[in-house]
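*Asks:* Got a structure here, written out as C-alpha cells. Questions coming.
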Amino acid sequence: MTPFTFARAADAPEAVRLGAAPGARYLGGGTNLVDLMRETIERPSALVDVTGLSRTIDERPDGSLLIGAAAKNTAVAEHPAVRSRYPLLSRAIVAGASAQIRNMATVGGNILQRTRCTYFYDDDGARCNKRSPGQGCDAIGGFNRIHAVLGASEACVATHPSDMCVALAALDAQVHLHGPQGARSVALTDLHRLPEDHPELDTILAPGELITAIELPALPFAVHSSYRKVRDRSSYAFALVSVAAAIDVDGGIVRDVRLALGGVAHKPWRARIAEDALKGRPATTDSFRAAAAAELADAAPLQDNAFKIGLAQRTIVAVLESLTGRQP
Amino acid sequence: MDMTIRINGSETPLPSDPRVSLLDLLREHLHLSGTKKGCNQGACGACTVLVDGEERILSCLALAVQYAGRSITSIEGLANGEGLHPLQQAFIEHDGFQCGYCTPGQICSAIGMAAELRRGVPSYVTDDIADGAVAFSHDEVRERMSGNVCRCGAYNGIVAAITETVREEAP
C-alpha cells in the first residue's frame, strides 16, 4: 500500500469537506477498497472513514424505506421491514460474499465496489482500460467466460459484481448524494455507467460526491419477489447470471413486473424490454420465454461467455415461474 | 479520536501507520499468531476474528485504525484459563481439522454464526425470508460457514462440531 492519511468523519458535511482533498477516497467497510489498495490498483493519499454516518433504516409515512449508506449489509438483510416488504433485497444481499464480509460492508460501499474482472486486478501482467485508460483490454480475446454480454464496448467487457444493486435496480431505488455542490438524488439505474469509451468511470458521481442514503419507494407487490443467483459453486462466488424479480398477477394477467439482471453488464441491468413485453400479457411460461428472449436479443457474446445468453433467459423464466406458482 | 483498541480484554495502542491491517496488528505487533494469514484478500476466512464479542469479520481486510475504541476477540481470547471453549473441545472430538491452519478462523466464525442464528439473520438457503425465525439445519450451517475454506477438506467434522455445539442453543 502507498501511504495515506486517515480521518473519521462525524457527519456528511464533514465527510464532504475532508473528501474534497486531492487523492481522497471515502472508506466504508473496506472489503473492496483495502484489497485494491494492497494491490496498489487504488492509491488514495487520504482515507475518510464514513462508517460513522447514518446507518438507520426508517419506514416513512409515504411507505418508502430510507436506508443510511453506512448501514451494514447484514443489518439491511435482517431488518424486518426489508424482509417482509422487499424480500428480493434481503435475498440478494445474503447471496453475496460471505457472512464476515456482509458484517463489514456498508450499503454505500457495496454500490461503489469495483469489478472483479481478473485482468483489472492483474496490474503486472495485463492491460486494462478501466485501471489504465487507453492501455487496451486483455479480457477481450482472453479468458472471458465471466464477462459482459450486454452493453459492453470495445474498451471494456467488465461486469458489475454487486448482488444487492440488482435488487435495488428492480426496486427503482433512489440514491441520495451529498457533494461539494450540495445534495441531489439519482436513480440507482442512472448511477452506474455503461463503459463506452471511458470504462475508468464506473458511475456518474462527481469528484468528492458521497452516497448518504438509499430510498426504496413503496412497492406493495414486492412482497412477491425473489432473487436467484447462478454461479460456479453454490456459495461465496460472484454471479455468472442473477435475476431479481417482483411480479403482480391479477386474473392470470401480468399487471406489473420488475426485472433486473446481474453478472451480464457493466452495471446492474434493469430489464425494461422484458418488463414491457410482459405487462398486460398472460402470466404463462410462453410469455416469460418471449420476454426473456426479447431482453437478450441484442446480447453480444465473447469467445467464452455465449452460455450466459441462454442462462439468463432460463433463469428469468425459472424465477417468474416460481413467483407465479408454476413450479415448486 | 480514540487511539486504542481492546484485544482479548487488554487495552492496546493502535499503530501510528494506518496501513497496518487488524490481522498484522495481531500477528506481527502483538505476536498473537493464532489468527492466521491465508489469502490476505478476503477469500479464505482464516483471519476471522470477533468484534464486540460476537460479530465475525475478516481481519485481513480491516485496517486496525478502523476499529479504534472497539473490542476484538481472537482465538487466544476464547479459552477460560486451561478450560477450552466448548467449540474448541467439539472440534477435537469431531476431528474438525487436519493441519489446523483454518481452525482458529473456523471457530471464531462459528461463534459469530451462532449469534446470527439467535438473531434470526436469514441466509441464502432460508426458505421464507419474511419469517423472522430461522430453522437450524445442516444446509444452514454449510451456507453460513461458506466464508471459511478448509483445504484439508475436514468439512464433515467441522459441521458436526458446530452442529453439536450450536444446535443446543438454536431456536
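Every read-out reported here was derived from the displayed coordinates using simple, explicitly stated rules and does not represent laboratory data. Computed from a predicted model, the values in this text were never measured in an experiment. With ideal geometry, Cβ positions are generated from the backbone for all residues, glycine too; neighbour counts draw on all protein chains shown.
*Asks:* Examine the stretch A:108-125 for a residue that is among the hydroxyl-bearing types (Ser, Thr, Tyr), more than 14 Å from every other protein chain (Cβ to nearest Cβ), out of contact with any Asp or Glu (no Cβ under 7 Å at 6 or more places or on another chain) and more than 22 Å from B:Arg56 (Cβ to Cβ), and state whether such a residue exists.
*Replies:* Step one: filter the stretch A:108-125 for residues among the hydroxyl-bearing types (Ser, Thr, Tyr), giving A:115, A:118-119, A:121.
Narrowing further to those that are more than 14 Å from every other protein chain (Cβ to nearest Cβ): A:115, A:119.
Narrowing the set further to residues that are out of contact with any Asp or Glu (no Cβ under 7 Å at 6 or more places or on another chain) leaves A:115.
Applying the additional criterion that residues be more than 22 Å from B:Arg56 (Cβ to Cβ) yields A:115.
Yes, some residue in the stretch A:108-125 is among the hydroxyl-bearing types (Ser, Thr, Tyr), more than 14 Å from every other protein chain (Cβ to nearest Cβ), out of contact with any Asp or Glu (no Cβ under 7 Å at 6 or more places or on another chain) and more than 22 Å from B:Arg56 (Cβ to Cβ).
*Asks:* Within the stretch B:96-106, can you find the residues that are away from chain A (no Cβ under 13 Å) and within 10 Å of the chain's Cα centre (by Cα)?
*Replies:* B:Thr103, B:Pro104
*Asks:* Name, by its number, the condition in (1) surrounded by fewer than 19 Cβ atoms within 10 Å (Cβ to Cβ); (2) assigned to a loop (DSSP other than H, G, I, E, B); (3) in contact with a helix residue (DSSP H, G or I) (Cβ under 7 Å, 6 or more places away or on another chain); (4) of a type outside the set (Gly, Ala, Ser) that does not hold for A:Arg289.
*Replies:* (2)
*Asks:* Which ranges mark the strands (runs of 3 or more DSSP E) fully within the stretch B:39-99 that have 1 or more residues being crowded, with 24+ Cβ neighbours inside 10 Å and touching a Cys at 6+ places or on another chain (Cβ under 8 Å)? Walk me through how you get there before you give the answer.
*Replies:* Details: elements: B:48-51, B:55-58, B:71-73.
By residue number, B:48-51, B:55-58.
*Asks:* Within the stretch B:7-49, how many residues are in contact (Cβ under 8 Å) with a residue 24 or more places away in the chain and either over 14 Å from B:Val149 (Cα atoms) or aliphatic (A, V, I, L, M) (or both)?
*Replies:* Let us first name the residues in the stretch B:7-49 that are in contact (Cβ under 8 Å) with a residue 24 or more places away in the chain, namely B:7-9, B:14-15, B:18-26, B:32, B:34-36, B:38, B:43-49.
Keeping just the survivors that are either over 14 Å from B:Val149 (Cα atoms) or aliphatic (A, V, I, L, M) (or both) gives B:7-9, B:14-15, B:18-26, B:32, B:34-35, B:43, B:46, B:49.
Looking only at that region, the number is 20.
*Asks:* Name the single residue, out of those in the stretch A:275-291 being over 14 Å from A:Leu323 (Cβ atoms) and of a type in the set (A, V, I, L, M), that is nearest to the chain's Cα centre (by Cα).
*Replies:* A:Ala277
*Asks:* Next up: Among the residues of the stretch B:22-47, write down those that are of a type in the set (Lys, Arg) and within 11 Å of another protein chain (Cβ to nearest Cβ). Before you say what the answer is, go through the steps one by one.
*Replies:* Residues of the stretch B:22-47 of a type in the set (Lys, Arg): B:27, B:36-37.
Passing the criteria: none in range.
*Asks:* Do we have A:Pro80 as more than 20 Å from the chain's Cα centre (by Cα) and without any contact (Cβ under 8 Å) to a residue 12 or more places away in the chain here? Break it down into steps so the answer makes sense when it comes.
*Replies:* Details: more than 20 Å from the chain's Cα centre (by Cα): yes; without any contact (Cβ under 8 Å) to a residue 12 or more places away in the chain: yes.
Yes: the conditions hold for A:Pro80.
*Asks:* Considering only the stretch A:58-88, state which residues are surrounded by 19 or more Cβ atoms within 10 Å (Cβ to Cβ) and of a type in the set (A, V, I, L, M, F, W, C). I'd like the intermediate steps shown before the answer.
*Replies:* If we filter the stretch A:58-88 for residues that are surrounded by 19 or more Cβ atoms within 10 Å (Cβ to Cβ), which is where we start, we get A:65, A:67-79, A:82-83, A:85-88.
Listed by number, the residues that qualify are A:Leu65, A:Ile67, A:Ala69, A:Ala70, A:Ala71, A:Ala75, A:Val76, A:Ala77, A:Val82, A:Leu88.
*Asks:* Got a number for residues in the stretch A:205-257 being under 30 Å from A:Arg17 (Cα atoms) and of a type in the set (Phe, Trp, Tyr)?
*Replies:* 0
*Asks:* Moving on to the next point. How many of the residues in the stretch A:178-196 are in contact with a Ser or Thr (Cβ under 7 Å, 6 or more places away or on another chain) and either of a type in the set (D, E, K, R) or not in a loop (DSSP other than H, G, I, E, B) (or both)?
*Replies:* Residues meeting the conditions: 5.
*Asks:* Go through the stretch B:145-163 and count every residue that is more than 12 Å from chain A (Cβ to nearest Cβ), of a type in the set (Gly, Ala, Ser) and outside any helix (DSSP H, G or I).
*Replies:* The number of residues fulfilling the criteria is 2.
*Asks:* Does B:Leu58 count as more than 14 Å from every other protein chain (Cβ to nearest Cβ) and of a type outside the set (S, T, N, Q)? It would help to see each step written out before you state the result.
*Replies:* Values: more than 14 Å from every other protein chain (Cβ to nearest Cβ): no; of a type outside the set (S, T, N, Q): yes.
So B:Leu58 fails the test.
*Asks:* State all residues of the stretch A:141-178 that are over 30 Å from A:Ala222 (Cβ atoms) and surrounded by fewer than 24 Cβ atoms within 10 Å (Cβ to Cβ); if no residue qualifies, say none.
*Replies:* Within the stretch A:141-178, A:Gly141, A:Gly142, A:Phe143, A:Asn144, A:Arg145, A:Ser153, A:Glu154, A:Ala155 qualify.
*Asks:* For the stretch A:17-43, enumerate the residues that are of a type outside the set (A, V, I, L, M), away from chain B (no Cβ under 11 Å) and buried (at least 16 other Cβ atoms within 10 Å of the Cβ). It would help to see each step written out before you state the result.
*Replies:* From the stretch A:17-43, those of a type outside the set (A, V, I, L, M) are A:17, A:19, A:22-23, A:25-26, A:28-32, A:35, A:38-40, A:42-43; that's our starting set.
Within this subset, residues satisfying the condition of being away from chain B (no Cβ under 11 Å) are A:17, A:19, A:22-23, A:25-26, A:40, A:42-43.
Within the stretch A:17-43, A:Gly19, A:Arg25, A:Tyr26, A:Glu42 qualify.
*Asks:* So which residues in the stretch A:221-233 are within 9 Å of chain B (Cβ to nearest Cβ) and more than 19 Å from A:Leu88 (Cβ to Cβ)?
*Replies:* A:Arg233
*Asks:* Let me ask something additional. I'm told B:Ile129 meets every condition in (1) within 14 Å of chain A (Cβ to nearest Cβ); (2) assigned to a helix (DSSP H, G or I); (3) among the hydrophobic types (A, V, I, L, M, F, W, C) except one. Can you identify the failing condition by its number?
*Replies:* Result: B:Ile129 passes all but (2).
*Asks:* Which residues, counting only those in the stretch A:248-259, are surrounded by fewer than 24 Cβ atoms within 10 Å (Cβ to Cβ) and of a type in the set (A, V, I, L, M)?
*Replies:* Taking the stretch A:248-259 first, the residues surrounded by fewer than 24 Cβ atoms within 10 Å (Cβ to Cβ) are A:248-256, A:258.
Answer for the stretch A:248-259, where residues must be surrounded by fewer than 24 Cβ atoms within 10 Å (Cβ to Cβ) and of a type in the set (A, V, I, L, M): A:Val249, A:Ile253, A:Val254.
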